[in-house]
Amino acid sequence: MMRDRILTWLEHHVTPPRVQHILRVEQLCGELAEHHQLDVEKAKQAGLMHDLAKYFKPQRLLQMAQTEGLELDEIFAGEPHLLHADVSAMVARDEFGIKDPEILEAIRNHTLGRPQMSPLSCVVYLADTLEPGRGTTPELEQLRQTCFRNLVAAVWQTGDYCLRHLVEQQRMIHPRTILTRNWAMQESKGQHRTQKASASDRISA
């Protein structure tokens, strides 16, 4: 019933191609959550609501963010569309009564990410960039495979992919994008060192 309400709302507020993107994100969120033994329903719900505010006008995004008390730096002021993730979480809360902090955080983090974000946030962040409609290049296919092996390593490598795209498109880059990539890289390398040490201990034993 809730899913039907959200879909009806989306049909009135986003374009048909965007609805299809959202449905693909919902599907991939569910697949990744199941594979990594996370809450599948939470993941799918966050995926379904991640772009609620995607087509809000820039001034509306700025006004809602200000009302919420969000810190608006010069990049948000220059690129208000980056606020659609935060505002989508506000719509999920206010329009649909979503109170689960993990779902709301996953919606907020799907564009810029955040250091130390939860596995559920990682799933939605990755699904948004890597859902099948984004393309079938070898690089994207490799990133999709990495998602199922290691979420944090996939966040790192997807962060690199997004940064290259932003540079090529001469777009502004929010510091949180870089902080997220750096966190995921350090975390992933730390995991790798731990695994190597464990393997070495087993051999020594």
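The values are calculated or read from the model by the stated rules, or taken from the named source; none is laboratory data. In this text, all values refer to a predicted model and were calculated from it rather than measured experimentally. When we count neighbours, we look across all protein chains shown, and the Cβ atoms used for this are built from the backbone with ideal geometry, even at glycine.
Matching residues to (1) crowded, with 17+ Cβ neighbours inside 10 Å; (2) at pLDDT below 95:
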site: Ala154; (1), (2): yes, no
site: Arg181; (1), (2): yes, no
site: Gln186; (1), (2): no, no
site: Gln191; (1), (2): no, yes
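Here is a check on your reading of the model: is Thr137 surrounded by 13 or more Cβ atoms within 10 Å (Cβ to Cβ) and farther than 27 Å from Arg3 by Cα?
no
How many of the residues making up region 6-30 are out of contact with any helix residue (DSSP H, G or I) (no Cβ under 7 Å at 6 or more places or on another chain) and without any contact (Cβ under 8 Å) to a residue 60 or more places away in the chain?
10
Which numbered condition trips up Arg134, out of (1) in contact with a His (Cβ under 9 Å, 6 or more places away or on another chain); (2) in contact (Cβ under 8 Å) with a residue 12 or more places away in the chain?
(2)
Restricting to region 12-55, name every residue that is over 17 Å from Ser88 (Cβ atoms) and among the aliphatic types (A, V, I, L, M).
Of everything in region 12-55, those that are over 17 Å from Ser88 (Cβ atoms) and among the aliphatic types (A, V, I, L, M) turn out to be Leu28, Leu32, Ala33, Leu38, Val40.
Which helices (runs of 4 or more DSSP H) does region 13-131 wholly contain that include 3 or more residues that are modelled with pLDDT of 95 or more and under 13 Å from the mean Cα position of the chain (by Cα)?
Ranges flagged: 16-35, 40-49, 84-96, 101-108, 119-130.
For region 83-114, enumerate the residues that are surrounded by fewer than 19 Cβ atoms within 10 Å (Cβ to Cβ) and either in contact (Cβ under 8 Å) with a residue 12 or more places away in the chain or among the acidic types (Asp, Glu) (or both).
Matches in region 83-114: Asp94, Glu95, Phe96, Asp100, Glu102, Glu105, Arg114.
Answer with yes or no whether Ala33 is hydrophobic (A, V, I, L, M, F, W, C) and over 25 Å from Arg134 (Cα atoms).
no
Could you please let me know if Thr146 is of a type in the set (Ser, Thr, Tyr) and modelled with pLDDT of 95 or more?
The answer is yes for Thr146.
How many residues does region 57-93 contain that are farther than 14 Å from Ile107 by Cα and of a type in the set (A, V, I, L, M, F, W, C)?
Matching residues across region 57-93 total 9.
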